[in-house]
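Working notes for the structure below.
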Amino acid sequence: MIPQGSWRHVVLWGGFSLGVWILEFMYQYFVLTPGMVGDALVSSFALGGATVIGLALFSSALFKWYPRLAQYWRVRRYLGVGGFTLIVGHVISVVAYVYDFQYADIYWSFNPLQNPVIFGSIAFTILFLMASTSTDWAKQKLTPRRWKFLHRFVYGAYVSAIFHFTLMDFRLLKNPAGYFLLAVTAAALFGQLYWFFVTAARRRFRSVGTVVGF
């Protein structure tokens with residue numbers, strides 16, 4: 001599945017994602033919610049996963065600004081999968097510590113503005129599909145065109161994730177870890193929007209991709 005010679009990068013960037021989570025957990029457990037394991041796990045997995053996914057999206061914009069870096073395009077994939085893995089940890093810890101495995105309580109409302117878990121569920125579903133097809137083998141089986149179409153949904157997933165973590169309780173972001181996440185999110189959004197408008201302008205805003213993008 002993974003080309004020979006890429007395992008070193010998988011370990012490197014997988015370790016980076018793990019390192020981000022460890023730092024987040026230590027900050028949550030020892031500073032923000034001292035001694036509260038459940039709260040620390042929920043928050044650290046959430047902030048860590050969202051931050052790493054934001055870095056993955058920003059990296060794609062960075063490669064366009066600096067084409068010489070495009071040879072490292074697989075970094076985006078490794079960061080994306082690493083971020084999703086942390087999000088899986090967030091989902092499991094939420095179900096265990098927040099809802100005590102009472103699944104009916106999770107979807108008490110299907111209005112996403114009242115229950116931001118809906119936004120989170122949308123983001124998770126899309127990210128799951130992307131993570132499960134983030135291999136060269138899957139790309140070949142789906143064909144590059146279909147694979148690219150599927151992975152464009154990451155933008156919808158990211159927007160849903162942003163609504164999720166800002167509407168849940170914005171006060172949880174009023175700390176250094178939250179400010180860092182917001183900074184990464186702003187950078188990722190700026191990069192994606194910048195290149196969207198540049199590309200759309202080249203096509204005089206008449207392409208199908210422009211309509212879908214808007």
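A few notes on this one:
- Under a model in which nothing but the beta-carbon of Lys, Arg (+1) and Asp, Glu (-1) is charged, the chain shows a dipole of about 1540 debye around its Cα centre.
- Candidate aspartates and glutamates - alpha carbon under 18 Å from LYS174, same-chain residues fewer than 8 apart omitted: GLU24, ASP39
- Estimated translational diffusion coefficient (Stokes-Einstein, Kirkwood radius over Cα pairs, 10 °C, 1.306 mPa s) of region 1-116: 101 µm² per second.
- Between TRP137 and PHE30, the simple label model (points 7 Å from Cα in the Cβ direction) yields a spacing of 4.1 nm.
- Put a dot 7 Å past the Cα of TYR194, heading toward its Cβ, do the same for VAL10, and the two dots end up 3.3 nm apart.
- For region 123-214, the fraction of 1.4 Å probe accessible surface lying on carbon and sulfur atoms is 68 percent.
- Model label points for SER207 and VAL95, set 7 angstrom from Cα along the Cα-to-Cβ axis, are 3.9 nm apart.
- Percent RCO, i.e. relative contact order, over the chain, from Cα pairs under 8 Å lying at least 6 residues apart: 22
- Exposed loop sites were defined as trypsin sites (Lys or Arg not before Pro) in DSSP loop states (anything but H, G, I, E or B) carrying at most 13 other C-beta atoms within 10 Å; in the chain the longest segment without such a site runs 1-151.
- Bridging of LYS148 to lysines at a Cα separation below 24 Å is possible for LYS64, LYS139, once same-chain residues fewer than 8 apart are set aside.
- Per residue accessible area of region 56-132, 1.4 Å probe, in Å²: 58
The values are calculated or read from the model by the stated rules, or taken from the named source; none is laboratory data. A quick note: this is a predicted structure, and the numbers were derived from the prediction, not measured. Positions of Cβ are backbone-derived with ideal geometry, glycine not excepted, and every protein chain shown enters the neighbour counts. Please note that ligands, DNA and RNA were not included when accessible areas were found on the heavy atoms of the full protein model with its side chains. Shrake-Rupley method; radii C 1.70, N 1.55, O 1.52, S 1.80 Å.
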